[in-house]
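Data block below; observations after.
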Amino acid sequence: MKKLSNYIKKIGLKIIKYVYSNRLFLSYTILAILGTMVVRHFTIGNFWNYKPLIADIGLILLIGSFGYLVKPKNQFAYFFFWLIFFSLIEIINSVYYMFYASFASLAELSTVSQLETVTDSVYTQLRVIDFLYVLEPIIFYYIHNSLKSSTYYDLVGKVERKMPMFISTLVVSLAFIGFTFLTASNSDYSRLSKQWNRVYIVERFGIIIYQTNDAIQTIIPKLSSLFGYEDAYNLVNDYFTDEDLLRYDNPNKYTGILEGYNIIYIHMESMQNFLMSLSFNGEEVTPNLNKLSKEGMFFSNFYPQVSVGTSSDAEYITLTGLLPSSNGSVFVSYADNTFRALPAILKERGYYTFSMHGNYQAMWNRNNVHPRLGYTDMYYRDSFTFNDNSKDPNNLDWVGLGINDKLFFSQAVEKLANIEDSYSNYFGTLITLSNHSPFAPNPSFTLNINDYFIDEYGKETSTCYLCERDVGKYIVSAHYADEALGEFVDLIKNSDKFNNTLFVFYGDHDAKLSYKDMNYLYNYDPVTGELKDEMDPTYITYDSYDHQLNKKTPLIFWTKNAKLKKLLKGENANIMGMYDLAPTLFNMLNIKDEHYLGHDIFNIKDDNIVIFPNGNFLTKEIYYNNSTGEYKELRGNIDNEYLNSCLEKSERALEVGNAIITYDLFNEKKRND
């Protein structure tokens with residue numbers, strides 16, 4: 001017993017000695033680990049999950065071990081650098097997650113310039129917690145100063161054994177890292193290598209391995225794209241010659257109905273379907289959109305498939321029928337690529353092509369990418385007349401980021417009339433702006449979203465429980481955008497032009513509203529001031545799957561042409577993704593171009609699969625969450641054969657889409673060289 005007691009005492013003394021002579025290293029380690037735990041907690045909410053914790057500890061110790069090879073007096077600078085680095089990773093990912101419910105990528109650093117015109121959106125997403133990460137290096141600095149004023153550095157200089165400490169710490173770190181990778185499944189490795197589902201990678205491997213892997217995945221393709229070109233080309237070629245996929249490209253009753261007609265895309269900023277069923281105090285939120293959906297053909301299950309490029313991704317997908325990049329924005333990271341896009345193909349057939357927007361041409365690098373997509377001319381901010389003093393509170397010309405949609409549309413119609421007078425056929429895109437986040441209140445907004453009720457004393461009272469929430473601000477902003485849309489349609493209807501034009505109205509992406517905000521919209525009780533209980537008969541079930549399914553946006557084909565009107569009417573409720581729009585229009589134009597991942601919706605009908613950039617997918621049967629490997633059945637029971645088939649289709653399409661972008665596979669010159 002005495003021997004055991006002495007042994008324990010001996011170990012205790014060694015631990016005390018280790019702690020006493022390694023206070024700087026331990027401070028670095030503890031602060032770094034806490035930072036990674038906090039960022040996980042405030043993003044995906046798994047503070048104590050041991051798998052990412054072990055992975056992060058392993059990397060933190062691995063980096064820290066090399067500090068022992070540095071002279072004691074210089075160790076502070078080494079550890080301080082890494083704590084600042086970790087803090088930056090945590091801050092960037094914390095803010096980024098609030099925007100995209102995902103984690104940042106090195107490839108997206110090139111999109112930082114896009115923040116120039118959306119700084120308000122960034123500021124509104126900042127929270128107190130985003131500044132707490134700065135405390136890591138600050139606390140470490142004060143610890144260093146305290147140690148500096150003591151005999152710590154002199155003591156360490158005398159007793160520290162560099163190589164043994166380096167080796168022992170390195171071995172421990174490798175044990176942690178080894179455990180992480182030895183316990184990973186094949187599915188884990190697949191997701192890590194493909195980097196599609198960033199949330200899952202952080203949940204499984206931690207934030208540091210995620211960021212390290214992201215850097216590798218971002219840099220390697222750019223350094224070795226020439227070496228992998230042949231494999232990528234064969235992968236894509238095999239896909240586009242697959243008979244199983246080509247069977248959806250047969251002629252149908254809509255084939256060729258748009259031959260000789262003009263097409264105008266109306267790119268509706270952040271417009272979602274759920275708005276179309278909302279009313280406040282007897283007033284519809286989107287009366288004009290609702291009316292359009294009844295006058296034209298309404299695709300009621302149209303899902304955006306955007307990634308970090310948001311609006312620019314929507315343009316890329318709807319014009320090419322492809323999926324966006326898993327790393328960065330196509331418009332920024334791959335601006336020099338060759339694109340097989342609708343405007344370019346129509347331009348080859350004699351169409352005049354153009355784009356219009358009330359923002360700067362440089363936003364999302366459109367000034368460089370739009371010509372490569374096939375647009376001949378661009379009518380942007382400088383092409384419109386308006387008061388551009390955003391600081392003037394009485395300036396009604398300005399809403400959000402620039403010229404208000406009403407003024408934009410009124411001047412756009414004049415330009416469209418001139419275009420029709422000058423060209424026999426044209427294709428164009430009008431990009432709206434007023435409904436862009438952060439959905440700040442504006443004097444032009446008129447929708448009253450107050451809730452009126454009888455209180456406990458029998459007195460009529462009101463509250464605006466939505467006014468201070470993002471969802472309420474969004475609803476009011478969207479109502480204004482809908483008003484502008486109505487004025488535009490009235491101008492088109494009252495014009496003697498545009499009789500041979502199809503207008504394609506589509507929402508570019510969801511408004512990035514949180515699950516909490518949406519649940520608040522559906523289940524807040526203004527009388528009690530609390531969320532309704534699930535036992536309340538008026539309670540609306542709204543789970544995480546409902547939140548994803550609620551992100552669908554409107555797609556409407558509308559025309560003044562009497563002949564087309566007879567064909568393009570009613571609701572098409574088939575599941576449809578953005579990448580199905582271009583193939584559908586190609587068929588209607590009788591243009592054969594099979595280089596897209598989507599399908600003609602009139603052919604594929606209810607046998608469609610909508611694949612999202614994070615690996616999730618949707619069919620008429622299920623919504624599959626790639627992060628968890630779980631799914632929600634939407635109709636009947638499904639079997640493993642069906643699920644595995646969908647998983648295979650999803651993975652294959654994502655690989656093909658990324659290969660096309662990464663290796664610029666539509667560039668014939670590169671192929672010939």
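FYI, it's all coordinate maths here, none of it is from the lab. Being a predicted model, the structure only gives us computed values, none of them experimental. Note that each Cβ is placed from the backbone with ideal geometry, even for glycine, and that neighbours are counted across all protein chains shown.
Treating cross-link reach as a plain straight distance, find the aspartates and glutamates whose alpha-carbon is under 14 Å from the alpha-carbon of LYS253, omitting any fewer than eight places away in the same chain.
Filter leaves ASP600.
Whose amide H sits under 5 Å from the amide H of THR353, counting only residues 5 or more places off or on another chain, with H placed in the peptide plane?
Here the answer is THR376, ASP377, PHE427, since their amide H atoms fall under 5 Å of that of THR353.
Kindly point out, ordered by number, any Cys in the chain whose beta-carbon has no other cysteine beta-carbon under 4.7 Å away.
Taking the Cβ cut-off of 4.7 Å, the unpaired cysteines of the chain are CYS646.
Given the peptides 541-554, 323-336, arrange them by the average over their residues of other C-beta atoms within 10 Å, most packed first.
The most tightly packed comes first, giving 323-336, 541-554.
Just order 307-316, 658-667, 178-187, 425-434 by mean Cβ neighbour count inside 10 Å, highest at the front, would you?
Final packing ranking: 307-316, 425-434, 658-667, 178-187.
Compare the peptides 641-654, 470-483 by average per-residue count of other Cβ atoms within 10 angstrom and give them in order, highest first.
Most protected by this proxy first, the peptides run 470-483, 641-654.
Residue by residue through region 505-512, what is 3J(HN,Hα) from phi via Karplus (6.51 cos²θ - 1.76 cosθ + 1.60, θ = phi - 60°)? Round to whole Hz and write x for glycine and proline.
Each residue's phi maps through the Karplus curve to give 8, 9, x, 7, 5, 6, 8, 6 Hz.
Within region 590-620, name every residue whose backbone N is under 20 Å away from a label modeled 7 Å from Cα of SER645 along the Cβ vector.
Of the residues in region 590-620, 597-612, 616-620 have backbone N under 20 Å from the label point off SER645.
Normalised radius of gyration for the chain, please: alpha carbon Rg relative to 2.2 N^0.38 Å, two decimal places.
So the Cα radius of gyration is 1.09 times the expected 2.2 N^0.38 Å.
Kindly put TYR265, TYR96, TYR457 in sequence by how many other C-beta atoms sit within 10 Å of each C-beta, fewest to most.
By the 10 Å Cβ count, ascending, the order reads TYR457, TYR96, TYR265.
Taking the Cβ-Cβ separation of LYS563 and ASP451 as r and a Förster radius of 41 Å, what is the calculated FRET efficiency to the nearest 0.05?
0.30
Normalising by the residue count of the chain, find the relative contact order in percent from Cα pairs under 8 Å and 6+ residues apart.
This gives 18 percent for the chain.
So what's region 519-673 giving for Rg/Rh, alpha carbon basis, Kirkwood Rh from the mean inverse pair distance?
1.07
Restricting attention to the alpha-carbon atoms of region 359-425, what are Rg (one decimal) and Dmax (integer), both in Å?
Taking only Cα atoms of region 359-425, I get Rg and Dmax of 13.9, 43 Å.
Would you be so kind as to identify which of GLY458, ILE475, LEU491 lies farthest towards the positive end of the dipole of region 421-544, taking Lys and Arg as +1 and Asp and Glu as -1 on Cβ and the Cα centre as origin?
LEU491
For n ≥ 4 DSSP H runs only, could you compute -39500 (n - 2.57) per run for the chain, divide by its residues and tell me the 222 nm figure to the nearest 500?
-15500 deg cm²/dmol
What is the Å³ per residue value for the convex hull set by the Cα atoms of region 289-418?
Taking the convex hull of the Cα positions in region 289-418, it is 154 Å³ per residue.
With respect to the cross-link table entries LYS415/LYS497; LYS291/LYS605; LYS473/LYS569; LYS620/LYS649; LYS415/LYS473; LYS291/LYS532, which display a Cα-Cα separation exceeding 21 Å?
Beyond 21 Å: LYS291/LYS605; LYS473/LYS569; LYS415/LYS473; LYS291/LYS532.
Apply the Kirkwood formula to region 519-570: the hydrodynamic radius equals the inverse of the mean of 1/r over all pairs of different alpha-carbon atoms; give it in Å with one decimal.
Taking the inverse mean of 1/r over all distinct Cα pairs, region 519-570 comes out at 14.5 Å.
Hey, rough spin-label estimate for LYS605 and ILE638, points 7 angstrom out along Cα→Cβ, what's it come to in nanometres?
Those two pseudo-labels are separated by 2.0 nm.
Return the tail of the calculated pair distribution for region 229-348, meaning the percent of Cα-Cα pairs more than 20 Å apart.
For region 229-348, the fraction of Cα-Cα distances above 20 Å is 63 percent.
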